[in-house]
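Here the structure comes first, spelled out in structure tokens, and everything after it is commentary.
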Amino acid sequence: DTGVSQNPRHKITKRGQNVTFRCDPISEHNRLYWYRQTLGQGPEFLTYFQNEAQLEKSRLLSDRFSAERPKGSFSTLEIQRTEQGDSAMYLCASSLGWQGRETQYFGPGTRLLVL
Amino acid sequence: AQKVTQAQTEISVVEKEDVTLDCVYETRDTTYYLFWYKQPPSGELVFLIRRNSFDEQNEISGRYSWNFQKSTSSFNFTITASQVVDSAVYFCALSEPLYNQGGKLIFGQGTELSVKP
């Protein structure tokens, strides 16, 4: 059974550049979540999808961030005009269910460093 | 507002010692879920346990055990006879109110466990 995968695992970029991350959830999982984790902190919720619909976005998700899940399978998270404060680990999780009480399984994360 | 507090930032033990990681949560909801995840140096969060608020039975899985007490809003995690491979950051998490149906998790700050040989 394949787990959640994320690409790339590491990304170094210069301030002002755009970056895009990809998440492939566990097959048939209808829910997909994005979290951000900074050093020494727990993950913080960014947004989630139920199938292809983006149902909630955190206030942490500024206008420079956009996420998509076009066919209800993989998802992409894009950050435009990156800033040094965007440096963090971006985690993706998926779950199967409809009521928000299901276990979320996490991918290995994408570690972003903005210079 | 919901909140999870893991007061122990770092714990260091010697192999074979027992260790307990504390988790205290705040919520006004009567129905909620609590989770523990392990994050080894590789970075991936590994699911350990999910417990719903109506089930206060303690659970044991091998060397791991969990003590859930609603009266003190605590969900503590004990590792018996710790091993070097247990070294990781451990996170306690609380589900958001179920009427939201979003399911996002509220995490504590984590406890870094170091098990020395």
With the 8 Å Cα cutoff and a minimum separation of six or more residues, chain A has a relative contact order in percent of 37 percent
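When a/c reaches 1.5 or more, the comparison of a/b and b/c decides; with that in mind, is region A:1-107 rounded, prolate or oblate per its Cα gyration tensor? Can you show the working numbers first?
Working: a/c = 1.67, a/b = 1.64, b/c = 1.02.
Verdict is prolate for region A:1-107.
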Expressed to one decimal in nm², the mean projection of the alpha carbon convex hull of region B:18-79 is 4.8 nm²
In terms of the alpha carbon gyration tensor, root eigenvalues a ≥ b ≥ c, rounded if a/c is under 1.5 and otherwise prolate when a/b exceeds b/c or oblate, region B:1-49 is prolate
Among region A:71-115, those whose backbone N falls under 12 Å of a label point 7 Å along Cα→Cβ from A:Asn30 are A:95-100
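Counting only Cα atoms, I'd like the Rg/Rh figure for the protein assembly as shown, Kirkwood definition for Rh. Intermediate results must be reported in sequence, preceding the final value.
Numbers: Rg = 17.7 Å, Rh = 18.3 Å.
For the protein assembly as shown, the value is 0.97.
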For the protein assembly as shown, the charge dipole (Cβ of Lys, Arg +1; Cβ of Asp, Glu -1; about the Cα centre) points to a positive end, and the Cα of A:Pro43, A:Phe21, A:Cys92 closest to that extreme belongs to A:Phe21
Chain A, Gaussian network, Cα under 10 Å: of A:Leu60, A:Leu46, A:Leu77, the residue fluctuating most is A:Leu60
Here FRET efficiency (C-beta to C-beta, B:Ser42 to B:Lys3, R₀ 22 Å, nearest 0.05) is 0.20
The farthest towards the positive end of the charge dipole of region B:1-48, of the residues B:Ile11, B:Thr30, B:Phe47, given +1 on Cβ of Lys and Arg and -1 on Cβ of Asp and Glu, is B:Thr30
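All of the numbers you see were taken from the coordinates with simple rules; none came from a lab. As the structure is a computational prediction, the values presented were derived from the model and not from experiment. Virtual Cβ from ideal backbone geometry, glycine too; neighbours counted across all protein chains shown.
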